[in-house]
1. Could you tell me which of the residues Ser163, Ser201, Ser138, Ser221 is among the hydroxyl-bearing types (Ser, Thr, Tyr) and crowded, with 18+ Cβ neighbours inside 10 Å?
2. Among the candidates Ala110, Ala120, Ala139, single out the residue that is under 24 Å from Ala20 (Cα atoms), in contact with a Lys or Arg (Cβ under 7 Å, 6 or more places away or on another chain) and of a type in the set (Gly, Ala, Ser).
3. What do you reckon, is Asp197 part of a loop (DSSP other than H, G, I, E, B) and not polar (S, T, N, Q)?
4. Pairs please, first residue from region 85-107 and more than 25 Å from Gly15 (Cα to Cα), second anywhere and of a type in the set (Ser, Thr, Tyr) and open to solvent by less than 50 Å² (accessible area, probe 1.4 Å), Cβ atoms under 8 Å, 6+ apart in sequence or on different chains.
5. Does Pro170 satisfy the condition of being surrounded by fewer than 20 Cβ atoms within 10 Å (Cβ to Cβ) and part of a loop (DSSP other than H, G, I, E, B)?
6. Could you list, ordered by first residue, the pairs with Cβ atoms under 6 Å in which the first is in region 112-136 and basic (Lys, Arg) and the second is open to solvent by 30 Å² or more (accessible area, probe 1.4 Å), at least 6 apart or interchain?
7. Identify, please: which residue in region 178-197 is among the polar types (S, T, N, Q) and under 20 Å from Ser19 (Cα atoms) and is, among those, surrounded by the most Cβ atoms within 10 Å (Cβ to Cβ)?
8. Applying the selection to region 204-218, what residues are open to solvent by 30 Å² or more (accessible area, probe 1.4 Å) and either touching a residue at least 60 places away in the same chain (Cβ under 8 Å) or among the aliphatic types (A, V, I, L, M) (or both)?
Amino acid sequence: MSEFPYRTALIIGAGTGISASVARQLAGLGVKVALAARSTAKLKQLDDEIGAKVFSADASDRASVEALFRDVDATIGEPDVVVFNASARAPGPVAEIDPVAVEKALAISAYGGFLAVHHAARRMVKHGKGAILLTGASASVKGFPRSSAFAMGKFALRGLAQSAARELGPMGIHVAHFVIDGAVRSASRSDPQDNPDSTLSADAIAQTYIDILRQHRSAWSFEVEVRPWVEKF
C-alpha cells in the first residue's frame, strides 16, 4: 500500500466515539494528531493511549476557533487534515422548542463547521494540498419529527461541504462529507444478541474515513453513506 499522504491532523469535536477511532487510526499511520473539544477531561484516556495534543475550544466561537488553529500550528504544525465532528441537538416539538437552544445548536453544527472549513482552507490553499472531512448524520438528508434543530444544522453542514468541495477541489483540497446513517455502537449502546452488527462500529466508520484520505485525486469521493446492513433507508 502506498505511503499515507498526510502528516498532521486536527479533530474538532473530539470524543470517545467516531472521532476517537479516527484519531487512533491516524496515529497508527504516523500522523501527528491534535484533539479539540469544549471539555477535554473525556479525552485523557485517548491522549494517554496515542500521545495526541489536546486543546480546549468552543467550535461555535470565532475567537476560540481562530486561537485553536494558531495553537495547533505552533504545536504540531499546520494541519493537513481537519475533521469536523462537532454537533448539537435541541430536541422537541417545533411549536414548543426553545429558540435559544436552537440558536446554540445551529451555532455549533452549522457555524462551527464554517469556522473549521474557513481556517483549514486558509492554510491548505497556499500549499495546494489537504483534506477536510465533515461528519454528517441521517439528519443530513432527512428531517425527523421533534428534531428540527439537528436537521437544520446537518443540512447546513452538508450544503457547506458541497460548496467547499466544488471550490476547493480544483485547488488540491479533498473535501468529503459522511452520512452516518444509524446508531453508533458504544459502551452504553450494544447490539442485541439476536441482531449482531445492527449498529455502526466506530472503528469501521473510521476505516472509511482513512480509505477516503488514501484516495487518488483522479478518483475522489465527495459523499459517503455508511449504515448497518439491516438499517432501513
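1. Ser138
2. After applying the criteria, what remains is Ala139.
3. Considered against the rule, which asks whether it is part of a loop (DSSP other than H, G, I, E, B) and not polar (S, T, N, Q), Asp197 comes out as yes.
4. Val94/Ser148; Ile97/Ser148
5. When the stated conditions are applied, Pro170 does not pass them.
6. Arg123/Glu78
7. Among those residues, the one meeting the criterion is Ser186.
8. Ala204, Gln207, Arg214, listed by residue number.
The values are calculated or read from the model by the stated rules, or taken from the named source; none is laboratory data. Quick caveat, the model's predicted, so the values are computed rather than measured. Cβ: placed from backbone, ideal geometry, glycine included. Neighbour counts: every protein chain shown. Remember, those area values only see protein heavy atoms, side chains included, never the ligands or the DNA or RNA. Shrake-Rupley method; radii C 1.70, N 1.55, O 1.52, S 1.80 Å.
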